[in-house]
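Before anything else, here's the structure in question.
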Amino acid sequence: MSEFSGKKVLVTGASRGIGRAIASAFADRGGVVSIVYRSNSASAEQARLALAGDGHVCIQADVSNGDGARRAVEHSIDALGGLDIVVNNAGIFTTHSIDEVDFDDWQSAWCAVIDTNLIGPAHVCYFAAQHMMKHGGGKIVNVSSRGAFRGEPDGPAYGASKAGLNSMSQSLAVALAPHGIFVGVVAPGFVDTDMAAELLHSDTGDEIRNQSPLGRVARPEEVASAVLFLASEGAEFATGAIIDVNGASYLRS
């Protein structure tokens, strides 16, 4: 029997990049996946069709607001017949250096990034936990970032949102453990996705890759492996943990 055979899994931002790799990893191991996406239905459907096994679904929802988060969770439960694992992967990054943007752009960036990267996962966690508390527990894995620890001078809202996600996750790990719900975090550095492609193929690409002693950035599948570990049976005592997947490019004490 496959490790996640029959497990119902919701992955936000699963139409591409890290989210798609996470969805694929669960499906390869027997999971049934709800691909939650914001707007690109064609990409989401391509991702669904590429998954191993049957029963996978695509759910369109903007999880940066409460109604969208509720929709994502409730429609996934209805479509899959339950919910065992949630992965909050959806996120955005915008450049808004404090010495370069006007206040309107500054404010707009903060609102958009915090809503998507922190408030959205908080709402998804809330609705998922309501179901899990009534149905024997579950696993929640939130995808954070190295930027939560080292700072993001060109995108301070991003760093702050991911630091908040870490703190929220650890708070929920304590609050939900008595209900059999386990919460963990995976914090990647740069990952070889289309979101990072422009930077990785720019003049600074080699500098970024050489931040790691491995001389490269992470593959999406490597991030997915860490997510699977936290969601696996036997990893419950790692609840509250934050796993760095940055190739030793940033080491924190």
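Just so you know, all these numbers are worked out from the coordinates, no wet-lab data involved. What you see is a predicted model, and the numbers here were worked out from it, not measured in a lab. Please note: Cβ atoms are built from the backbone with ideal geometry, for glycine as well, and neighbour counts cover all protein chains shown.
Can you find, among Cys125, Ser5, Val223, the residue farthest towards the positive end of the dipole of the chain? Put +1 on the C-beta of Lys and Arg, -1 on that of Asp and Glu.
Going by the Cα projections, it comes out as Ser5.
Helix-derived [θ] at 222 nm for the chain: sum -39500 (n - 2.57) over DSSP H runs of at least 4, divide by residue count, nearest 500?
Taking each H run of at least 4 residues, the total per residue is -13500 deg cm²/dmol.
Output wanted: per-residue J couplings in Hz (rounded whole) for the range 213-220, from phi through Karplus 6.51 cos²θ - 1.76 cosθ + 1.60, θ = phi - 60°, x for Gly and Pro.
x, 7, x, 7, 9, 6, 8, x
Take the alpha carbon atoms of the range 212-234, find their center, do the same for the range 99-176, and report the distance between the two centers in whole angstrom.
20 Å
If you don't mind, there's one more thing I want to ask. Residue by residue, what Karplus-based ³J(HN,Hα) values in Hz, rounded to whole numbers, does the range 66-71 have, using 6.51, -1.76 and 1.60 with θ = phi - 60° and x for Gly and Pro?
x, 5, x, 5, 4, 4
If you stretched the chain out fully between Glu207 and Asp99, how much longer would it get, using 0.36 nm times the residue separation minus the C-alpha to C-alpha distance?
Numbers: separation 108, 0.36 × 108 = 38.88 nm, distance 2.36 nm.
That pair, Glu207 and Asp99, stretches by 36.5 nm at full extension.
Return Cys58, Cys111, Cys125 ranked ascending by Cβ neighbour count within 10 Å, so the fewest neighbours appear first.
So the ranking, lowest neighbour count to highest, is Cys111, Cys58, Cys125.
Helix 103-114 against the longest principal axis of the chain: what's the angle in degrees, Cα atoms only, rounded to the nearest 10?
Tilt of helix 103-114: around 30 degrees.
Let me spell out the model: positive unit charges on the Cβ of Lys and Arg, negative unit charges on the Cβ of Asp and Glu, origin at the Cα centre of the chain. What dipole size does that give, in debye rounded to 20?
I would put it at about 900 debye.
Could you list which residues have their amide H under 5 Å from that of Val141, counting only those 5 or more apart in sequence or on another chain, with H placed in the peptide plane?
So Val141 has HN proximity to Val86, Val87, Asn88, Gly184.
Most fluctuating residue of Ser43, Ser15, Ser202 in a GNM of the chain with Cα springs under 10 Å: which is it?
Of Ser43, Ser15, Ser202, the Gaussian network model singles out Ser202 as fluctuating most.
Tell me the net charge near Gly247. Cut-off is 11 Å between Cβ atoms, Gly247 excluded, with +1 for each Lys or Arg and -1 for each Asp or Glu.
Net local charge, Gly247 excluded: +2.
Under a 5 Å amide H to amide H cut-off, with H placed in plane at 1.01 Å, what residues pair with Asp154 once short-range neighbours are removed?
none
Charges on Cβ only, +1 for Lys and Arg, -1 for Asp and Glu, centred on the Cα centroid of the chain; of Gly31, Gly136, Gly19, which one is farthest towards the dipole's positive end?
Checked the options; the winner is Gly136.
Rank Pro220, Pro121, Pro178 by mean-square fluctuation in a GNM of the chain with C-alpha springs under 10 angstrom and give only the top-ranked residue.
Answer for the Gaussian network model of the chain: Pro178.
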